[in-house]
């Protein structure tokens, strides 16, 4: 026969019954039920004032909560979240304290509690952590040291037209310089956007991109018409390794926010989509706090470049210790009686060759090394 299980409520009821029988003193009850005299008094007093309900377990939450978040504050937090659906507790806290400094806003953890309680927190998928790769940003110490540029993945608008968003940002301040929807990643349209950026913000020292069109090609050193133009302006074209978007992590992180806040529903056409991009750019630069910037905004850190854009790029000028050769229309150069194919993209442009040993010469276009020529092997090796 199994042992009978005794529930705490049954013991309390039995304790009251023994007390009402007047056969037990409070000291006797304390010994019988192996509880303190103070506990006996507690259950007798509860039964006397509340009846059988007084024997039930009661909430231990304090009756008065002087430090609880007021309903008015909670409503303002919820309203701010609904206007900024993709911002978390820390960003909401810093935005509210900056906009309304006289109000005692709760800390981010408390804001997170109320957002979760109202069903406004979306659980993120767990991702395997990847060690950060910071090499492209080693020399990024101030605004306009390095810009990043990329085409965010294309999508279709309601009128069945493809939209390719070209984005340009400053790596130091995270300032979004341009976000423009184009019909394709083509050289001419891309150059027009960069020209607008250069006229408005000046020139960066370097531009970091991936290896796609129009930023790179299969030509020597990955040169493209766009990167050649950058070199002519004195800008270093940097490229991440193939298949390593994490090397441009700051820009990729911006793309994730761009996707959430502008591509949740399809726009009617590219013009309407561009209006969304314009509003996002203003908000991203001036209102959205960035954790990497101490919860400040990109506009708090960004300054225009002191290097002004020139409409006509200067011709290459080489030092006296370089041998200058003209690239022919077929992409070849003549050196030491031999013809070597370099690239058609530099036709009618001068390049400089600098000797590094008996057989090898480095080839430069402007300041930028593009290849090495080995006269013994009669071959050009791309940089």
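Rule-based calculations on the coordinates, nothing more; no lab input. Everything quoted here is computed from the prediction, not taken from an experiment. A quick note on method: Cβ atoms are made from the backbone with ideal geometry, for glycine too, and the neighbour counts reach across all protein chains shown.
Here are the numbers for the structure shown:
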read-out	value
Virtual spin-label span in nm between residue 18 and residue 244, 7 Å along Cα→Cβ	7.7
Gain on full stretching of the segment that runs from residue 291 to residue 10 - 0.36 nm per residue minus C-alpha separation	95.6 nm
P(r) of the stretch 8-55 over all Cα-Cα pairs, binned every 10 Å from zero, in whole percent	28, 64, 8
Residues 293, 322, sorted so that the one with the fewest Cβ neighbours within 10 Å comes first	293, 322
Sum of -39500 (n - 2.57) over DSSP H runs of 4+, divided by residues of the chain (222 nm, nearest 500)	-10000 deg cm²/dmol
Residue-span extension gain [residue 141 to residue 382] - 0.36 nm each, minus C-alpha spacing	83.8 nm
Ascending count of other beta-carbon atoms within 10 Å, so fewest first, for 327, 146	327, 146
Linear extension gain, residue 85 paired with residue 348, 0.36 nm per residue minus alpha-carbon span	89.3 nm
Space enclosed by the convex hull of the alpha-carbon atoms of the chain, per residue, Å³	293
Inter-site label distance for residue 256 and residue 113 at 7 Å from Cα along Cβ, in nm	2.7
Calculated over the stretch 19-110: convex hull of Cα atoms, volume per residue (Å³)	164
Gyration tensor (alpha-carbon) shape descriptor, the stretch 71-117, a/c threshold 1.5	rounded
Using alpha-carbon coordinates, inclination of helix 8-20 to the longest axis of the chain, degrees	20
Fewest-first ranking of 356, 270, using other Cβ atoms within 10 Å as the exposure measure	356, 270
DSSP beta bridges in the chain [antiparallel fraction, %, rounded to 5]	85
